[in-house]
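Notes to accompany the following structure.
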Amino acid sequence: MTATGLRIIAGKEFSDHLRSRRFHLLFAILAVVAAVGMITGAVQYSKDLSDYNAVQMIAENEDDPTLAGNLAGLKPSVLSAYSQMGMLMAGIGVVLGIAMGFDLVTREKESKSLKSLLAYPVFRDEVINGKALGGVGAIALAMGVVLAVSVAIMALFGIVPSVDEFVRILVFGVASFLLVFTFFALALLMSTVSKDSGSALLYSLIVMIVLSSFVPIFAYTPVYSAVFGDAPTPPGMSTYSYQQSSSAYTVTSVAVAYKSDDAVDPEALAEYERASREYMNQKRAITDIVTLVSPTGNYQTILGAASQPAGDNTPGLGSLLGALARNIIALLAMPAAFFGLAWVRFMREDIR
Amino acid sequence: MILCDHLTKDYNGVPAVDDLCLEIPAGEVFGLLGPNGAGKSTTILMLVGLIQPTSGACSIDGIEVAAHPIEVKKKIGYMPEDVGFYPDLPAEENLDYAAKFYGLSEAERKRRVGDLLTLVGLDSVGTKVGGYSKGMRQRLGLARALVNDPAVVILDEPTANLDPRGVLDYRRIVKGLAEQGTTVLVSSHILSEVSKVCTSVGILARGKLIASGDREMLSRAAMQDRVTIDVETMTPMPRLTNPEILSAEYSQDTCSARIVAKHDISTLIAEALYAEGILPRRLAVEKPDMEDILLSYYTEGAA
């Protein structure tokens, strides 16, 4: 491989992306969405922080350690703003990735410039690698600008993240980049296998819908229940649920209460607990597998974990990355697989 | 300079190029002729390293294409039949992009691009290539094939979309290349174009080289088969007898005849008429034109 050919092609692709109206439009939408998300998140964060401080003051005045203890884990974090931005990014970023990649090869076929390009002193792999590299550069630039804009907006609101929060923001940025890159690589693959750009776009959208919406449906309760059965019902008892939430995350716990005159069979209760545990374990395993297959699922899992507020019970960054290792690997593996397939297909492309 | 050694390319078991052996010396302007589907473009794609031969080999300037494609690509300039460019870039940027791959400095690229656009008559066109006509693209394709000042230029159907002025410019450019000693391979099914610029030709049919040599040699070879002689006399002529005569058609008054012979026997016919005391009014040998020659070869190759 000669680095010259790769550099020339990557440079042209990068420049083409930056000059493309499509990129301008989507990048502008992305930047606006990020800015709006950040402003909304920052305003909400300020409000949550104010509410938290007020509750803490009441708890301290009431001298009620139970109340203070219950609310201690809910201290708002600046990362809640990124959580909101991330939800928007999952939609727009995916479109940006597809829009940047779906015609990279088909455009060359349609303009009949591919044959001439391959007749220059350049290896085939330099062509596909250069196209990918140019696209990755443009995505990285777009993500970098969006991240810089978000930090600038936080600074405007007087919010200064701590080192831990800043690292988590970087994790969010890298995950967002990988999400866009995944769909860029998918679109590049479709561009190599399709005869024209219209087909490549259509196939990309179909796979995107399958990965982002269709696959995760299997982990949702109604579909899951239809396939694997309902959760076991408790033996003759009354239940209630208690839910706490903030703008950034939701904590749900279920408590079971017994009336004093209820006759509970201890064996039935033990059987219910065993069946419940088994059901939940199975459901978690299937949900985890489904999430790993879905890039947006992985992204949202990473986003959710990275944007958890810092507190005494919050895992450190090392533990966080350890817990997210599978999702991070999946988010790395999927674009690698798409690009690998695109590479092989392009290398075998029949030029006539 | 260009060598094909038992070059074969199969597509799904069907040979597009079949055991092609061809040698084109340096400085030659060689015309590769053949009907559509004869294997001309496939041969060229193998020569420029875009496809691999099924068997056999080809080389440019002694370098085997399949083994050293980059070295070969640096030596050649190629214009494909369906010439394509980046439509959203002007001609200068399209050529500059191509020139970058050959390691030319920026100043050198700028000078070369300017010279080539002047050479092909596109120097005053400011629009993006997307707005070019087919003929203009063809001109630009020729310029791009010359961007690296190649030792070998390979042109696939170079005049397909050119207007008469464009064709004249193309001939001028190819002749200029020949004067510089550049080896040129022109593929075409338009014989008149090949005959105007090429010093030698090869004829492909069904992937096989069925004839090659200089134009005169091919013409002579074709004439060796049969010659038509038109005879017109002032008075009725007798039936001509000669072992060389293959067939003869006489008019009703036997004052004219169309003789088909194995060779040119016009002198013998004149002597025979003179011996009979008949004055010939017209005695014309019909030499087959190049199109007839080509068609005869195609027919022969297809048989």
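The values are calculated or read from the model by the stated rules, or taken from the named source; none is laboratory data. Just so it is clear, the structure is predicted and the values come from calculations on it, not from any experiment. Here the Cβ positions follow ideal geometry from the backbone for every residue, glycine too, while neighbour counts run over all protein chains shown.
The table below gives the values:
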| item | result |
| --- | --- |
| Candidate set from segment B:245-263 (those that are part of a loop (DSSP other than H, G, I, E, B) and surrounded by 14 or more Cβ atoms within 10 Å (Cβ to Cβ)); member that is modelled with the lowest pLDDT | B:LYS262 |
| Those residues of segment A:1-59 which are farther than 22 Å from A:ILE92 by Cα, of a type in the set (A, V, I, L, M, F, W, C), within 29 Å of the chain's Cα centre (by Cα) and within 14 Å of another protein chain (Cβ to nearest Cβ), in sequence order | A:ALA10 |
| Number of the exception - B:ARG139 against (1) surrounded by fewer than 19 Cβ atoms within 10 Å (Cβ to Cβ); (2) within 24 Å of B:GLY103 (Cα to Cα); (3) away from every other protein chain (no Cβ under 14 Å) | (1) |
| Residue in segment A:101-109 that is among the hydrophobic types (A, V, I, L, M, F, W, C), over 25 Å from B:VAL72 (Cβ atoms) and in contact (Cβ under 8 Å) with a residue 24 or more places away in the chain present | yes |
| Qualifying residue in segment A:327-334 (condition: in the same structural domain as A:GLU126 (by TED's automatic domain parsing), under 30 Å from B:ILE51 (Cα atoms), assigned to a helix (DSSP H, G or I) and at pLDDT 85 or above) | no |
| Qualifying residue in segment A:86-99 (condition: over 16 Å from the mean Cα position of the chain (by Cα) and touching a residue at least 24 places away in the same chain (Cβ under 8 Å)) | yes |
| Hey, A:TYR220 among the aromatic types (Phe, Trp, Tyr), surrounded by 13 or more Cβ atoms within 10 Å (Cβ to Cβ) and at pLDDT below 90 or not | no |
| Among residues of segment B:61-73, those that are facing chain A (nearest Cβ under 10 Å) and surrounded by fewer than 23 Cβ atoms within 10 Å (Cβ to Cβ), counted | 4 |
| Segment B:96-131, subset without any contact (Cβ under 8 Å) to a residue 12 or more places away in the chain and among the hydroxyl-bearing types (Ser, Thr, Tyr), residue farthest from the other protein chains (Cβ to nearest Cβ) | B:SER124 |
| Boolean, B:GLU81 is touching a Ser or Thr at 6+ places or on another chain (Cβ under 9 Å), away from chain A (no Cβ under 14 Å), in contact (Cβ under 8 Å) with a residue 40 or more places away in the chain and crowded, with 16+ Cβ neighbours inside 10 Å | no |
| B:ILE76 vs. criteria within 13 Å of another protein chain (Cβ to nearest Cβ) and surrounded by fewer than 18 Cβ atoms within 10 Å (Cβ to Cβ) | no |
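Residue-wise test of (1) within 14 Å of another protein chain (Cβ to nearest Cβ); (2) farther than 16 Å from B:GLU28 by Cα; (3) free of Cβ contacts under 8 Å to residues at least 60 places away in the same chain.
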| residue | (1), (2), (3) |
| --- | --- |
| B:ASN148 | yes, yes, no |
| B:GLU157 | yes, yes, no |
| B:ALA160 | yes, yes, no |
| B:ARG165 | no, yes, yes |
| B:TYR170 | no, yes, yes |
| B:ILE173 | no, no, yes |
| B:ALA178 | no, no, no |
| B:VAL184 | no, no, no |
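Conditions (1) of a type outside the set (Ser, Thr, Tyr); (2) in contact (Cβ under 8 Å) with a residue 24 or more places away in the chain; (3) assigned to a loop (DSSP other than H, G, I, E, B); (4) more than 10 Å from every other protein chain (Cβ to nearest Cβ), marked per residue:
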{"residue": "B:ASP18", "(1), (2), (3), (4)": "yes, yes, no, yes"}
{"residue": "B:GLU23", "(1), (2), (3), (4)": "yes, no, no, yes"}
{"residue": "B:ALA26", "(1), (2), (3), (4)": "yes, yes, yes, yes"}
{"residue": "B:PRO35", "(1), (2), (3), (4)": "yes, yes, yes, yes"}
{"residue": "B:ALA38", "(1), (2), (3), (4)": "yes, yes, yes, yes"}
{"residue": "B:THR43", "(1), (2), (3), (4)": "no, yes, no, yes"}
{"residue": "B:LEU50", "(1), (2), (3), (4)": "yes, no, yes, no"}
{"residue": "B:SER59", "(1), (2), (3), (4)": "no, yes, no, yes"}
